[in-house]
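Here is the structure we will look at, set down as structure tokens.
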Ligand SMILES: [Zn+2]
């Protein structure tokens, strides 16, 4: 399939998709997701962060999904966004390295 590059009118970001895709800008979408996540209380956030540190990926994704009432794909993306933030800020708190963290998850 041929992919085309679309440009977002809001943020100017570009992304590739199939010509008939109705998907909205992934850059704007992840910004909205982060905004949603930021609205969770500190307790919820700490609970989710703990799941991320402990590599409870599926449980973490489910928790984010239920907490925010979003789609699974959005929740998965949010998990990975949060993972990246935590990995950068508190890398030592993870139970394993970045290399093995996603082993068996994306396959
Ligand atoms: Zn955008």
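FYI, it's all coordinate maths here, none of it is from the lab. The model shown is predicted, which means the values in this text are computed figures rather than measured ones. Heads up, the Cβs are rebuilt from the backbone with ideal geometry, glycines too, and the neighbour counts pull from every protein chain shown.
Computed values, structure above
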| item | result |
| --- | --- |
| Sites residue 38 and residue 4, calculated FRET efficiency, Cβ-Cβ separation with R0 30 Å, nearest 0.05 | 0.40 |
| Tilt relative to the chain, helix 26-38 - C-alpha long axis, 0 to 90 degrees, to 10 | 30 |
| More than 23 angstrom apart: percent of Cα pairs within the chain | 37 |
| Estimated distance in nm for a label pair at residue 105 and residue 72, the labels positioned 7 Å out from Cα along Cα-to-Cβ | 1.6 |
| Relative contact order of the chain, defined on C-alpha pairs under 8 angstrom at six or more residues apart (%) | 18 |
| Taking only Cα atoms of segment 17-60, radius of gyration then Dmax in Å | 14.6, 42 |
| Residues in segment 57-72 reached by a label modelled at residue 29 [backbone nitrogen below 18 Å; 7 Å Cα→Cβ] | 61-62, 64-66, 68-72 |
